[in-house]
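Student: I am attaching a structure below and will ask some questions about it afterwards.
The values are calculated or read from the model by the stated rules, or taken from the named source; none is laboratory data. What you see is a predicted model; the values in this text were computed from it and never measured. Every residue, glycine as well, gets a Cβ built from its backbone with ideal geometry; the counts of neighbours run over all protein chains shown.
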């Protein structure tokens with residue numbers, strides 16, 4: 001994966017750059033935010049950075065640290081997925097397998113990542129974001145006696161303590177090494193994200209509260225939150241978050257594969273708006289956007305990216321409330337997409353097609369419903385109704401066992417098999433028990449319920 005480089009002054013058209021600057025200038029002024037910095041990344045390269053500040057002659061840049069709040073959760077999720085890929089844990093393992101008995105017993109790793117474990121949103125006692133972690137010295141203090149508010153798996157209910165548990169799992173499986181040290185060696189350093197850290201490093205912005213009815217500011221204190229830190233304690237920069245967006249869109253062989261980050265981006269909650277540590281939403285043009293928001297006293301942050309467009313945006317501000325950084329980031333994506341849509345790569349034919357896979361392509365019928373099977377990148381397949389909307393379709397990822405697994409929609413997780421006769425010829429496709437044949441109701445294929453031997457004709461009603 002390419003490392004985003006400093007923004008080139010001619011990376012975007014002047015009209016686009018002015019529209020981006022106008023958007024953040026309006027946001028900083030209207031929300032009365034002391035300072036705001038934003039950056040846009042495209043295809044792994046930072047193409048624009050802008051900032052506004054209430055201090056004349058001084059503004060932050062892409063290398064200025066801000067607290068990023070719950071965007072921290074995306075980093076913790078990556079550490080968990082590394083452990084899964086290494087075979088150290090299973091996503092459907094109960095968390096007590098690694099942490100022992102807690103009031104969250106039975107909640108799985110996957111449910112914690114997707115906020116579907118039914119746990120409370122916050123820790124008991126004083127608000128953890130504005131108090132010392134010493135008030136919660138152990139997991140019992142993080143969870144409290146009434147940790148579970150809803151049955152596990154039934155709904156999406158955002159839980160900060162859930163990510164405290166995931167941070168504890170990371171530390172337990174790394175022999176007690178602090179999660180942020182693991183993050184540095186396993187993720188940040190390999191990706192060149194040298195300006196992301198648990199504690200602030202120069203140069204960093206100060207956090208502020210802005211008076212709701214007067215043009216006044218009050219400095220916000222910064223607390224170390226102890227066991228709750230995996231829920232929101234990291235500091236980062238617009239430049240580093242652009243690197244992070246590029247990674248979450250494409251993966252990196254030194255950290256997580258493209259297939260794993262794609263799995264993280266896939267909706268995993270009943271609401272459909274949360275994956276494994278990542279928020280999922282739909283932009284105004286119907287495109288899927290992935291990212292996360294974050295806030296801590298004195299700071300708000302937003303990070304969103306469009307995988308299909310190869311585009312991401314990060315927005316950081318230093319006010320407790322005010323700037324809608326997530327909405328601003330999505331607006332920045334929209335400005336670039338509308339004014340400078342991505343130029344697609346030229347179509348190129350493959351040089352070495354697999355004859356057996358090529359033979360599977362073309363029309364197939366589910367009953368009387370015509371579908372088309374196409375050979376996608378690598379050995380993947382795409383099944384689609386011949387008439388858009390008149391049936392179900394999906395992309396299928398090739399497996400090593402000669403089958404394919406559905407990646408979306410009704411067929412998400414279902415298996416597609418090419419069933420062969422004794423002589424090796426393909427008789428039909430089996431997609432989660434649905435039989436697809438080369439002709440409608442092919443009598444030579446095992447169509448469930450059978451096919452009338454009289455065949456097609458003018459039968460009486």
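Student: When the residues of region 165-195 are filtered to those that are in contact with a strand residue (DSSP E or B) (Cβ under 9 Å, 6 or more places away or on another chain) and part of a loop (DSSP other than H, G, I, E, B), which remaining residue is farthest from residue 44 (Cα to Cα)? Steps first, please.
Tutor: Here is the first cut: in region 165-195, the ones in contact with a strand residue (DSSP E or B) (Cβ under 9 Å, 6 or more places away or on another chain) are 165, 180, 184, 187-188, 190-191, 193, 195.
Imposing the further condition that a residue be part of a loop (DSSP other than H, G, I, E, B) reduces the set to 193, 195.
Details: 193: 13, 195: 17 Å.
The qualifying residue farthest from residue 44 (Cα to Cα) is 195.
For (1) out of contact with any strand residue (DSSP E or B) (no Cβ under 9 Å at 6 or more places or on another chain); (2) in a helix (DSSP H, G or I); (3) outside the structural domain of residue 75 (by TED's automatic domain parsing), each residue gets a yes or a no:
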{"site": "271", "(1), (2), (3)": "yes, no, no"}
{"site": "280", "(1), (2), (3)": "no, no, no"}
{"site": "291", "(1), (2), (3)": "no, no, no"}
{"site": "295", "(1), (2), (3)": "no, no, no"}
{"site": "332", "(1), (2), (3)": "no, yes, no"}
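Student: Ok, one more. Has region 217-226 got at least one residue that is at pLDDT 95 or above, part of a helix (DSSP H, G or I) and touching a helix residue (DSSP H, G or I) at 6+ places or on another chain (Cβ under 8 Å)?
Tutor: yes
Student: Turning to a different aspect of this structure: Taking residue 439 as meeting all but one of (1) more than 16 Å from residue 360 (Cα to Cα); (2) assigned to a loop (DSSP other than H, G, I, E, B), write down the number of the exception.
Tutor: Residue 439 satisfies all of (1) more than 16 Å from residue 360 (Cα to Cα); (2) assigned to a loop (DSSP other than H, G, I, E, B) except (1).
Student: Could we say that residue 327 is in contact with a strand residue (DSSP E or B) (Cβ under 8 Å, 6 or more places away or on another chain), free of Cβ contacts under 8 Å to residues at least 60 places away in the same chain and farther than 26 Å from residue 81 by Cβ here? Give the steps one after another, and end with the answer.
Tutor: On the way: in contact with a strand residue (DSSP E or B) (Cβ under 8 Å, 6 or more places away or on another chain): yes; free of Cβ contacts under 8 Å to residues at least 60 places away in the same chain: yes; farther than 26 Å from residue 81 by Cβ: yes.
Taking the combined requirement at face value, the residue satisfies it.
Student: Condition first: within 28 Å of residue 309 (Cα to Cα) and either in contact with a helix residue (DSSP H, G or I) (Cβ under 9 Å, 6 or more places away or on another chain) or loosely packed, with under 10 Cβ neighbours inside 10 Å (or both). Now tell me which residues in region 353-373 satisfy that.
Tutor: 373
Student: Let me ask you something else. With the requirement that a residue be under 28 Å from the mean Cα position of the chain (by Cα) and either surrounded by 21 or more Cβ atoms within 10 Å (Cβ to Cβ) or modelled with pLDDT of 95 or more (or both), what does region 1-21 give you?
Tutor: Passing the criteria: 4, 7, 12, 16, 17, 19, 20, 21.
Student: Related question: Name the residue that is surrounded by the fewest Cβ atoms within 10 Å (Cβ to Cβ), counting only residues in region 223-258 that are more than 14 Å from the chain's Cα centre (by Cα) and over 18 Å from residue 301 (Cβ atoms).
Tutor: Among them, the one singled out is 253.
Residue-by-condition table, conditions (1) under 26 Å from residue 272 (Cβ atoms); (2) free of Cβ contacts under 8 Å to residues at least 24 places away in the same chain; (3) in a loop (DSSP other than H, G, I, E, B); (4) not assigned by TED's automatic domain parsing to the domain that holds residue 270:
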site: 365; (1), (2), (3), (4): no, no, no, yes
site: 392; (1), (2), (3), (4): yes, yes, yes, yes
site: 401; (1), (2), (3), (4): no, yes, yes, yes
site: 417; (1), (2), (3), (4): no, yes, no, yes
site: 423; (1), (2), (3), (4): no, yes, yes, yes
site: 427; (1), (2), (3), (4): no, yes, no, yes
site: 444; (1), (2), (3), (4): no, yes, yes, yes
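Student: I'd like to verify a number: residues in region 93-122 that are closer than 23 Å to residue 186 by Cα and surrounded by fewer than 21 Cβ atoms within 10 Å (Cβ to Cβ), how many?
Tutor: 4
Student: Could I ask something else about it? Could you please let me know if residue 267 is touching a helix residue (DSSP H, G or I) at 6+ places or on another chain (Cβ under 7 Å) and over 28 Å from residue 65 (Cα atoms)?
Tutor: When the stated conditions are applied, residue 267 does not pass them.
Student: I'm told residue 209 meets every condition in (1) in a loop (DSSP other than H, G, I, E, B); (2) surrounded by fewer than 19 Cβ atoms within 10 Å (Cβ to Cβ) except one. Can you identify the failing condition by its number?
Tutor: Here residue 209 clears every test but (1).
Student: Kindly check whether there is at least one residue in region 337-349 that is within 23 Å of residue 286 (Cβ to Cβ) and either touching a helix residue (DSSP H, G or I) at 6+ places or on another chain (Cβ under 7 Å) or crowded, with 21+ Cβ neighbours inside 10 Å (or both).
Tutor: yes
Student: Do the conditions hold for residue 258, that is, is it in contact with a strand residue (DSSP E or B) (Cβ under 8 Å, 6 or more places away or on another chain) and in the same structural domain as residue 43 (by TED's automatic domain parsing)?
Tutor: No, not satisfied.
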